[in-house]
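Quick notes on the structure that follows.
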Amino acid sequence: MTGSTQAAPAAISCRGVSKVWNADGDKPFVALKDIDLEVRPGEFVVLLGPSGCGKSTLLYLLAGLEQATRGQLLSAGRPITGTSPERGMIFQDAALFPWLDILGNVAYGLALQGVARAEREATARALIARVGLAGFEHKRPSELSGGMRQRAAMARALALSPKVLMLDEPFAALDIQTRAKMQNYLLDLWRQSGARPAGADGAESAEGGTSMLLVTHSIEEAIGLADRILVFTARPGRVKEIVPVDLPRPRNPRDAAFHALHDRLAELLADEVDRAFAEQEAAVR
Ligand SMILES: Nc1ncnc2c1ncn2[C@@H]1O[C@H](COP(=O)(O)OP(=O)(O)O)[C@@H](O)[C@H]1O
Ligand SMILES: [Mg+2]
């Protein structure tokens, strides 16, 4: 991306970001090295890489839950110094509050922000309906299926209209049919946030919508969702290649272009997975 005249600042920028775990201890561990990344407002970016390459670490840094060892992290042009409702996070297990019903969970962040009860409940109900959970407002999380809980988590995150939503392998625990449906819900929510897929003319929409940063192991999921896919190297995690996905949505895994991209990504990943595997085996010897 080049800076056009008065372009809005990137939703997220990482410049030369490195993270060393246990930096002061006797076993420092380089999890991320020299990450440069710009995410446009409303862009959908997928992080793909072998396990242990630092994908979750990068999300923690961006969420403001951990500090980088080196480099700069910006959100809408401002340094990231801690957590913010502008940057939401969804984990593999929905992490809803078990003692609150779905309505209470989705409205929770708004309550913290001091939004009046009637207004926050109206917002929460609308979002609950949008993720297909109308009628379940007064169920507890434990009464719902995994896919339903994950949709409730999406509604909860989106209630705060975040500029950036980070999703760390959000569908990994779900069966394959549920997973496909969840991807569609996510794309709908993303579109309704005002995001306009990049590609057509490369321009940004005025408002930008919510930028998505999703971690997955699944190449198919990555191609199905992303504007751009960041392929990571095995540790230390670096960006090996950025692959744009210029296919119209909805994307069909049976299309030739989808296949070709799948093959290319599989090849990029295979070396890294081999390296990660060999390292893990060496570590326990
Ligand atoms: N809090 C932590 N302290 C020390 N090491 C950590 C911590 N979190 C993650 N790591 C290590 O950093 C590496 C990258 O982890 P992670 O970001 O979870 O990878 P990924 O999400 O790509 O699987 C792993 O080797 C992991 O063991
Ligand atoms: Mg992870």
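The table below gives the values:
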quantity	calculated
Within-11-Å neighbourhood charge of Lys139 [Cβ basis; K, R +1; D, E -1]	-1
Solvent-accessible heavy-atom area per residue, rounded to whole Å², over the chain at 1.4 Å	49 Å²
Convex hull volume per residue for the range 128-180, taking Cα atoms only, in Å³	92 Å³
Share, in percent, of DSSP beta bridges within the chain that are antiparallel, nearest 5	50 percent
Packing-based order for 173-180, 34-41, 113-120, using average beta carbon neighbours within 10 Å, highest first	34-41, 173-180, 113-120
Under the span-like rule (Cα at least 30 Å along the axis, Kyte-Doolittle mean at least 0.0), DSSP H helices of the chain	256-284
Value at 222 nm in deg cm²/dmol, rounded to 500, when DSSP H runs of n ≥ 4 in the chain each add -39,500 (n - 2.57)	-11500 deg cm²/dmol
The range 231-271 shape via C-alpha gyration tensor axes, a/c threshold 1.5	prolate
Accessible-area composition of the chain, carbon plus sulfur, in percent [1.4 Å probe]	51 percent
Cα-based shape type of the range 64-139, given that a ≥ b ≥ c are square roots of the gyration tensor eigenvalues and the cut on a/c is 1.5	prolate
Cα shape, the chain, gyration tensor, a/c 1.5 rule	rounded
Candidate residues Asp26, Asp263: accessible-area rank, largest first, probe 1.4 Å	Asp26, Asp263
Dipole of the chain, positive end: most advanced residue of Met212, Leu265, Ala94 [Cβ charges, Cα centre]	Ala94
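The values are calculated or read from the model by the stated rules, or taken from the named source; none is laboratory data. Computed from a prediction, not measured in an experiment: that's the story for all the values here. As a convention, Cβ positions derive from the backbone with ideal geometry for all residues, glycine included, and neighbour counts pool all protein chains shown. To get the accessible areas, we keep the full protein, side chains included, count just its heavy atoms, and leave off ligands, DNA and RNA. Shrake-Rupley method; radii C 1.70, N 1.55, O 1.52, S 1.80 Å.
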